[in-house]
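Colleague: I have a structure here, written as structure tokens, and I will follow up with some questions on it.
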């Protein structure tokens, strides 16, 4: 554990995977390592902050570096997170979708609170075990906290990596009333 002044570090936004979702969290870069924020303490509790930070460091299974950063009004514990990546405006949207685990996304989409997968009809043809592209986009926006553009990008990635396909294999992923099916349901 290191005790540092707030002027010795750089503050940034980090992208961190949390299961199916990816969250954007405040971060600190120190010696080319990414740290995510932990508990904060008022300046008057400096000794308590140091004691609890040491305790946190010693109780970790994997010994990762911890920083206790002192600012004018508080002390904040930051812990190293090797999964966290630096976020910037050019890569933020792409990284969110590209870093999602498709296996976990598919499990979530097919789960209890997932998509409405059922037999659907178009003209006189029945298509078993499928979902509507527009419904999938709405679901991704609501459940995965993606923008509609990111949701379409994720849907296309699911097609390209052979998790889903258009029922007639004639369309890319679209936010429309088109039917798609998981290959797992074939």
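Colleague: Angle check, please: helix 46-59 long axis (alpha carbons) against the longest principal axis of the chain (alpha carbons), in degrees 0 to 90, nearest 10.
Modeller: Taking Cα atoms only, the helix is inclined about 50 degrees.
Colleague: Moving on. If one takes the longest principal axis of the Cα atoms in the chain, at what angle in degrees, from 0 to 90 and to the nearest 10, does the Cα axis of helix 133-143 lie?
Modeller: In the chain, helix 133-143 runs at an angle near 20 degrees to the longest axis.
Colleague: Just to be sure I understand: with springs between alpha-carbon atoms less than 10 Å apart, which residue in 124, 77, 67 has the highest mean-square fluctuation in the Gaussian network model of the chain?
Modeller: The residue with the greatest mean-square fluctuation here is 124.
Colleague: Still on this structure, please answer the following. Considering only 49, 136, 126, give the residue with the highest GNM mean-square fluctuation for the chain, with springs between Cα atoms whenever their separation is below 10 Å.
Modeller: 126
Colleague: Sticking with this structure for a sec: Just the projected area, averaged over all directions, of the convex hull on the alpha carbon atoms of the stretch 2-86: how many nm²?
Modeller: Dividing the Cα hull surface by four gives the mean projection, 5.6 nm².
Colleague: Can you give the direction-averaged projected area of the convex hull of the alpha-carbon atoms in the chain, in nm²?
Modeller: Over every viewing direction, the Cα hull of the chain projects on average to 13.2 nm².
Colleague: With a 10 Å cut-off between alpha carbons and a GNM built on the chain, which of 120, 37, 16 moves the most?
Modeller: Comparing 120, 37, 16 in a Gaussian network model of the chain, the most mobile one is 120.
Colleague: Could I ask something else about it? With each pseudo-label sitting 7 Å past Cα toward Cβ, what's the residue 48-residue 3 distance in nm, one decimal?
Modeller: So the label points at residue 48 and residue 3 sit 1.7 nm apart.
Colleague: With contacts defined as alpha carbon pairs under 8 Å and 6 or more residues apart, what's the relative contact order of the chain in percent?
Modeller: The value is 18 percent.
Colleague: Rounded to the nearest 500 deg cm²/dmol, what is the calculated helix-only ellipticity per residue at 222 nm for the chain, with -39500 (n - 2.57) per DSSP H run of length n ≥ 4?
Modeller: -8500 deg cm²/dmol
Colleague: Which of 2, 154 comes first, and how do the rest follow, when ranked by fewest Cβ neighbours within 10 Å?
Modeller: 2, 154
Every number here is computed from the coordinates shown, using simple stated rules; none is lab data. Every value quoted in this text rests on a predicted model; they were computed, and no experiment measured them. Please note: Cβ atoms are built from the backbone with ideal geometry, for glycine as well, and neighbour counts cover all protein chains shown.
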